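The values are calculated or read from the model by the stated rules, or taken from the named source; none is laboratory data. Note that this is a predicted model, so its numbers are computed, not measured. Neighbour counts run over all protein chains shown; Cβ positions are idealised from the backbone, glycine included.
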């Protein structure tokens, strides 16, 4: 069934040189066997933003239930779905794997609610628009680093195709078919989520796999947390199943059933001519599941206090950190030093952030072997606010809560 074999991203494809382009050449090792995209996969796998995904929840914030999906599980679900589709269709499995595990790096704490909170902060304080796909690109390009063979911390420097797949992955856009765009563009010119089609067929696969991967799992999590009632929401879920599911000979809806059903349908109906797509009836089924989740899970009353809690945490941390700014770097340093005595966890980490990404303490930066790009000018107020914002946007749910507890406790 390798219908896309001639269109896979490999040498000979007209987009190949653009897709493997990096800002600068990566160091090489003698006898290295990894391809360009597999190098990206392992670079993402070893970076700290990937590790932090295990403490970023999908829908249900900072749950203490070990069986609720975390964002690291989600990206691996997307990687599994993407790999299966790409392998069946004849596309580059290494490219889809790299995009999939990297697509949510730098996602805001507290899921999409955290994203909405940061969006409001960015608009009011930075006159900028925040959306998680853009922030993910910013993190893989500017924030995340790895040590080179000399121990110097360098930026990830991923290929264009992986970076494009990350910023183009938005799974919330309802589309009947997805086709790649032809143009090689500056990815920072993309102004909003879903504005631009991905550059490769592989990225198109990840984009739709992101939809397939979370809908059924969110239902399973809601059942685990007893947010769905058998005589209420479950009854309606069964009615959806009876109206739509019986066409596909499904007996129930769960994550593995949905994944299998949608993957099979997508591989059956996708082609270079038709695009990456589901059949009409499966698109209808996907929309019905998504509508059910919106009505009964994402808007559930039990999430309301958690949303207020997340807003309190993120706004409080932002206000505290941004208030430390002074016009002179030395004065800002004194403010941070004084507050670090009160809040050693929060201010210790924030001080380290400024050392790594600004001219805050050049000698400390040199000692730590930081060779990554400088991002902030500490004596500029807007730049300091941006540093504060980026620091918070990369937090895990757990770390944000720990910092908030530190700030609000009196010892």
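In the set 60, 37, which member is more than 15 Å from residue 163 (Cα to Cα) and surrounded by 12 or more Cβ atoms within 10 Å (Cβ to Cβ)? Full working, then the answer.
Details: 37 fails: more than 15 Å from residue 163 (Cα to Cα).
Exactly one residue qualifies, and that residue is 60.
Across region 237-259, which residue is modelled with the lowest pLDDT among those that are surrounded by fewer than 14 Cβ atoms within 10 Å (Cβ to Cβ) and outside any loop (DSSP other than H, G, I, E, B)?
In this case the residue turns out to be 246.
From 106, 102, 111, which residue is touching a strand residue (DSSP E or B) at 6+ places or on another chain (Cβ under 8 Å) and surrounded by 20 or more Cβ atoms within 10 Å (Cβ to Cβ)? Let's see the steps before the verdict.
Working: 106 fails: touching a strand residue (DSSP E or B) at 6+ places or on another chain (Cβ under 8 Å); 102 fails: touching a strand residue (DSSP E or B) at 6+ places or on another chain (Cβ under 8 Å).
So the residue among 106, 102, 111 that is touching a strand residue (DSSP E or B) at 6+ places or on another chain (Cβ under 8 Å) and surrounded by 20 or more Cβ atoms within 10 Å (Cβ to Cβ) is 111.
Tell me which of these residue 67 doesn't satisfy, since it passes every other one: (1) surrounded by fewer than 19 Cβ atoms within 10 Å (Cβ to Cβ); (2) modelled with pLDDT under 95; (3) part of a helix (DSSP H, G or I).
(3)
Any residue in region 110-118 that is more than 30 Å from residue 60 (Cβ to Cβ), touching a helix residue (DSSP H, G or I) at 6+ places or on another chain (Cβ under 6 Å) and assigned to a helix (DSSP H, G or I)? Please lay out each step first, then the result.
Step one: of region 110-118, the residues more than 30 Å from residue 60 (Cβ to Cβ) are none.
No, region 110-118 contains no residue that is more than 30 Å from residue 60 (Cβ to Cβ), touching a helix residue (DSSP H, G or I) at 6+ places or on another chain (Cβ under 6 Å) and assigned to a helix (DSSP H, G or I).
How about region 35-64: which of its residues are over 17 Å from the mean Cα position of the chain (by Cα) and assigned to a helix (DSSP H, G or I)?
36, 37, 38, 39, listed by residue number.
Mind telling me which of the residues 166, 190 ends up being surrounded by 17 or more Cβ atoms within 10 Å (Cβ to Cβ), more than 15 Å from the chain's Cα centre (by Cα), in the same structural domain as residue 78 (by TED's automatic domain parsing) and under 23 Å from residue 23 (Cβ atoms)? First the steps, then the outcome.
On the way: 166 fails: more than 15 Å from the chain's Cα centre (by Cα).
One residue alone meets the criteria, 190.
Any idea which of 96, 59, 81 is touching a residue at least 40 places away in the same chain (Cβ under 8 Å), assigned by TED's automatic domain parsing to the domain that holds residue 169 and over 22 Å from residue 39 (Cα atoms)?
Of 96, 59, 81, the one residue that is touching a residue at least 40 places away in the same chain (Cβ under 8 Å), assigned by TED's automatic domain parsing to the domain that holds residue 169 and over 22 Å from residue 39 (Cα atoms) is 59.
Filter region 127-146 for residues that are farther than 14 Å from residue 394 by Cα and modelled with pLDDT under 95 and give the result.
Residues satisfying the conditions are 127, 128, 129.
Return yes or no: is residue 320 part of a helix (DSSP H, G or I), at pLDDT 95 or above, under 30 Å from residue 376 (Cβ atoms) and within 24 Å of the chain's Cα centre (by Cα)?
On the way: part of a helix (DSSP H, G or I): yes; at pLDDT 95 or above: yes; under 30 Å from residue 376 (Cβ atoms): yes; within 24 Å of the chain's Cα centre (by Cα): no.
The answer is no for residue 320.
Tell me, which residue of region 70-91 that is outside any helix (DSSP H, G or I) and modelled with pLDDT of 95 or more is nearest to the chain's Cα centre (by Cα)?
Taking region 70-91 as the starting set, the residues that turn out to be outside any helix (DSSP H, G or I) are 70, 90-91.
Imposing the further condition that a residue be modelled with pLDDT of 95 or more reduces the set to 90-91.
Values: 90: 26, 91: 23 Å.
That would be 91.
Inside region 8-52, can you point out the residues that are within 30 Å of residue 400 (Cα to Cα) and in contact (Cβ under 8 Å) with a residue 60 or more places away in the chain?
So in region 8-52, the residues within 30 Å of residue 400 (Cα to Cα) come out as 40-52.
Matches in region 8-52: 40, 41, 43, 44, 46, 47, 48, 49, 52.
Being part of a loop (DSSP other than H, G, I, E, B), free of Cβ contacts under 8 Å to residues at least 60 places away in the same chain and in contact with a helix residue (DSSP H, G or I) (Cβ under 7 Å, 6 or more places away or on another chain) is the filter; apply it to region 378-402 and report the residue that is surrounded by the fewest Cβ atoms within 10 Å (Cβ to Cβ). So that I can check it myself, show each step before the final result.
Our first condition is that a residue be part of a loop (DSSP other than H, G, I, E, B); within region 378-402, this holds for 378-380, 394-396.
Next cut, free of Cβ contacts under 8 Å to residues at least 60 places away in the same chain only: 378-380.
Applying the additional criterion that residues be in contact with a helix residue (DSSP H, G or I) (Cβ under 7 Å, 6 or more places away or on another chain) yields 378-379.
Values: 378: 21, 379: 18.
Among those that are part of a loop (DSSP other than H, G, I, E, B), free of Cβ contacts under 8 Å to residues at least 60 places away in the same chain and in contact with a helix residue (DSSP H, G or I) (Cβ under 7 Å, 6 or more places away or on another chain), it is 379.
Going by the structure shown, is residue 325 out of contact with any strand residue (DSSP E or B) (no Cβ under 7 Å at 6 or more places or on another chain) and assigned to a loop (DSSP other than H, G, I, E, B)? So that I can check it myself, show each step before the final result.
Details: out of contact with any strand residue (DSSP E or B) (no Cβ under 7 Å at 6 or more places or on another chain): yes; assigned to a loop (DSSP other than H, G, I, E, B): yes.
Here the answer is yes, as residue 325 does meet what is asked.
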